[in-house]
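Visitor: Please read through the structure below; I'll follow up with questions.
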Amino acid sequence: MTVLRGIGSTMLWLLAGLGVLSGLMWGASALGLLHPLIVVSGSMQPGIRTGDLIVGVPRAIEAVTPGDVITLTSTQTRKLVTHRVVAIEPAASGFTVTMKGDANDASDAEAYAVPAGEGVPAPLFVVPGGGFVVETISRPPVAIPLLIALAALVGLAMLPPGRSENGDEADADAGAGSPTDVAAFVDRVSSASGGGA
């Protein structure tokens with residue numbers, strides 16, 4: 001039981017750390033400081049692969065140059081596209097951006113219009129396979145058993161330590177009948193009987 005409690009306590013601390021990190025990521029994402037994105041195509045291979053998790057940070061469109069990787073919304077599909085900038089030109093109300101996936105033979109079919117002063121997500125780092133993990137643990141058939149397991153670990157970690165019959169802490173390292181214990185017992189018996197032989 002002690003081993004299970006130790007495992008439960010360790011897992012509880014790890015999950016608590018992961019929970020704090022997730023909370024910070026969520027807060028930063030809600031404030032627009034971070035942009036986590038799951039890659040759903042192989043258009044940026046080999047650098048960015050399907051199932052990777054991109055964590056982006058906003059970059060002013062004025063600071064974007066050809067060769068940068070950024071994320072923009074397609075006006076045709078209404079989906080986010082993370083590709084490399086091949087050209088950026090000033091326009092009446094901002095900039096016109098041409099992008100291309102590293103694995104694609106041609107540039108994207110559309111030019112992206114970006115208003116002046118707008119911040120666009122640019123990858124800060126990529127977590128290989130991280131998108132698959134996020135998608136998997138978000139599914140109810142996986143999330144529900146994980147929550148049950150977490151509740152069980154919390155319960156194990158909160159169990160009181162084992163106790164002996166007289167209520168004292170059980171000492172697993174103390175050997176029964178060790179010379180010190182026997183000597184102490186003899187002294188107590190001698191004192192109780194009023195002296196030695």
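The values are calculated or read from the model by the stated rules, or taken from the named source; none is laboratory data. Nothing here was measured: the structure is a model prediction, and the numbers come from that model. In case anyone asks, the SASA skips ligands and DNA or RNA and just uses the protein heavy atoms, side chains included. Shrake-Rupley method; radii C 1.70, N 1.55, O 1.52, S 1.80 Å.
Visitor: Counting only heavy atoms of the protein chains, get the accessible area per residue of region 27-110 (1.4 Å probe) and round it to a whole Å² value.
Guide: Per-residue accessible area for region 27-110 comes out at 53 Å².
Visitor: Let me know the Kirkwood hydrodynamic radius for region 25-66, please, with Cα pairs as the basis and the value in Å to one decimal.
Guide: 11.7
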